[in-house]
Amino acid sequence: MAEYTPSQKEQAFLDSVESPKYKRELISGLSPFINEKAPEDVRDFYTKEELAALAVLKGTDRDVEARMPVKLTRHYFEMAKRSPQLKRIVKANPDETLNLEGSEDPGYQMDYSPVEGLLHKYEMGLMYVVSTCSAHCRFCYREELIARKEIERQDGTVAKKGLAQIPDIIAYIKSHNALVEKNGGRHPETGREKLREILLSGGDPMVLANNKIAAWFGALAEAGIETIRLGTKEMAFYPERFDDAFLAMLDRFHETWPDVGFRLMIHFNHPDEFLQKGDDGEYLHNPNGTPQWNPVTKKAMDGVVSRGWLQVENQAPIIRGVNNDPDALRIMQRELYRAGVNNHYFFCGRDIVAYRHFNVPIEEAWRIMNESQKGLSGVEAHARLSITHYKGKTEVVAVTNEPIPGLAGSENGVLIFKNLRNAADAPDRGKVCIVGRNPDAIWFDDYEDRVLFDEVGLYDYARVQKTTA
Ligand code: SF4
């Protein structure tokens, strides 16, 4: 492993960071429910029948916890009590493992991992810095990381996905960027530009202590990274985490490296995750007619958003039984934008193991998102529907009901995909793929027999032959 010593500037920043301990009141696994060890008021989160149906799967091929570990915070339990949709996010269900079809490594991410824990596929880098979250979403598309599954690598070896380590990552960034600079702005072998943006992901980096997060921030800033992103669902699972100590760390970071940008990528799936409900199950409203937020979430959100130098962006998959509801998504987009959060992406679910249980058909996801944006102002309706093809991030641009005159195969209408990003510096951005409609299609292969036009090459994609450095 490479060596790493923080600079004096970094050390001064790190010395200023306070790292309190948090009481998330976690419940991990099904056994606290089955053995009645969970706090009394939490126990009936699962009925006896549900627990019995899950218990018989234990140790079999259909073991739901082996597919994705069960985890819950007290805060999320309280929010989910009145929300069937939130329950579906965190409660294990025997049907999850009825069909275990799906990819072990969605997106063939390991094809683009030059250093353990780092994906360098696009113009930015993504790091796995931790392999758990405060609670676990059943639909998670990092289930292979969170469940610590063994993944086949491109070279045929089989191993769990490793986590990023500061010395190795910083050595890679410096060497990549030095080669780029020496070569006039492009990497001599791959043609890539400077690595200027890095996403801390996992798992959820917000489960790490402030000093661990700060160590990443300082090291990345000193290595010349221009913008840091942090992907988190903690605003939903445990908003108390965004407390004064965390905000003070952000402020000190900004004072120390004022030219480094920061984007907090949050993950709300449903407005029930942050709005207050009355006993009748309806949202409560403020005197001016706006919905009332949960006060803890509102304080956390205000704390972050009030740091005007950073951006907060929401992105979420559309999941069956959770948020395949235009009205819920409309409320969520309105409220988040009103709170100072940009609506970035909605995603069609990936082809993770068991994806058919969670994903809604692609055309249905497009309809839901399109309907949800009727009644939004232009600035509220910025989100796009994205689906991650192995080739790269792709937008579902439009679904038509009418045929294209003269185009055989378009009799039932067409769906148009547009490439947003692909490996390196997105040479295929803007190119489209048009397929004849298939209302049951859940993944790209369901359109294989009806491709009408494919300038982007979604349907003749081949895996890269060697790790891109
Ligand atoms: S918060 Fe994100 S990474 Fe964590 S379990 Fe949910 S979807 Fe997966």
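Please treat every number below as a calculation from the coordinates, not as lab data. Keep in mind that this is a model prediction, so the values were computed, not measured. Every residue, glycine as well, gets a Cβ built from its backbone with ideal geometry; the counts of neighbours run over all protein chains shown.
Worth a mention:
- Residue selection: LEU179 fails the criterion of being in contact (Cβ under 8 Å) with a residue 12 or more places away in the chain, among the aliphatic types (A, V, I, L, M) and more than 10 Å from the ligand (Cβ to nearest atom).
- For the range 301-317, the condition holds for at least one residue, the condition being that it is surrounded by fewer than 21 Cβ atoms within 10 Å (Cβ to Cβ) and in contact with a Ser or Thr (Cβ under 9 Å, 6 or more places away or on another chain).
- Hey, ARG82 more than 16 Å from the ligand (Cβ to nearest atom), touching a Lys or Arg at 6+ places or on another chain (Cβ under 6 Å) and over 29 Å from ILE442 (Cα atoms) or not: yes
- Any hit, the range 251-258, residues being of a type outside the set (Asp, Glu), over 28 Å from SER16 (Cβ atoms) and assigned to a loop (DSSP other than H, G, I, E, B): no
- Exactly one residue out of GLY278, GLY289, GLY231 is more than 16 Å from the ligand (Cβ to nearest atom), among the small types (Gly, Ala, Ser) and either within 22 Å of ASN343 (Cβ to Cβ) or under 21 Å from the mean Cα position of the chain (by Cα) (or both), and it is GLY289.
- Here the condition is being within 30 Å of LYS21 (Cβ to Cβ), within 16 Å of the ligand (Cβ to nearest atom) and either over 24 Å from the mean Cα position of the chain (by Cα) or not in a loop (DSSP other than H, G, I, E, B) (or both); of ALA219, ALA215, ALA236, ALA245, it holds for ALA236 alone.
- Scope the range 130-170; condition among the polar types (S, T, N, Q) and either buried (at least 22 other Cβ atoms within 10 Å of the Cβ) or more than 12 Å from the ligand (Cβ to nearest atom) (or both); matching residues: SER134, GLN154, THR157, GLN165
- Evaluating LEU200 against the criteria (1) more than 16 Å from the ligand (Cβ to nearest atom); (2) closer than 23 Å to TYR4 by Cβ; (3) in contact (Cβ under 8 Å) with a residue 12 or more places away in the chain; (4) not in a loop (DSSP other than H, G, I, E, B) leaves one unmet condition, (1).
- Evaluation of PHE268 against the conditions (1) more than 30 Å from GLN8 (Cβ to Cβ); (2) among the hydrophobic types (A, V, I, L, M, F, W, C); (3) buried (at least 18 other Cβ atoms within 10 Å of the Cβ); (4) free of Cβ contacts under 8 Å to residues at least 60 places away in the same chain shows that the sole unmet condition is (4).
- Scanning the range 406-430 for residues that are under 25 Å from the mean Cα position of the chain (by Cα), in a loop (DSSP other than H, G, I, E, B), touching a residue at least 24 places away in the same chain (Cβ under 8 Å) and within 21 Å of ARG384 (Cβ to Cβ) turns up LEU420, ARG421, ASN422, ALA423, ASP425, ALA426, ASP428.
- Only one of the numbered conditions (1) part of a loop (DSSP other than H, G, I, E, B); (2) within 16 Å of the ligand (Cβ to nearest atom) is violated by MET127, and that is (1).
- When the criteria are applied in full, LEU376 meets the requirement of being in a loop (DSSP other than H, G, I, E, B) and over 21 Å from the mean Cα position of the chain (by Cα).
- Contact map, the range 445-457: residues that are in a loop (DSSP other than H, G, I, E, B) paired with residues that are among the hydrophobic types (A, V, I, L, M, F, W, C) and surrounded by 12 or more Cβ atoms within 10 Å (Cβ to Cβ), Cβ distance under 6 Å, separation 6+ or inter-chain. Pairs shown: VAL456/CYS433.
Residue-wise test of (1) touching a helix residue (DSSP H, G or I) at 6+ places or on another chain (Cβ under 8 Å); (2) surrounded by fewer than 15 Cβ atoms within 10 Å (Cβ to Cβ); (3) in a loop (DSSP other than H, G, I, E, B).
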| site | (1), (2), (3) |
| --- | --- |
| ALA2 | yes, yes, yes |
| ALA12 | yes, yes, no |
| ASP44 | no, yes, no |
| GLU49 | no, yes, no |
| ALA53 | yes, no, no |
| LEU57 | yes, no, yes |
| THR60 | no, yes, yes |
| ARG88 | no, no, no |
| GLU101 | yes, yes, yes |
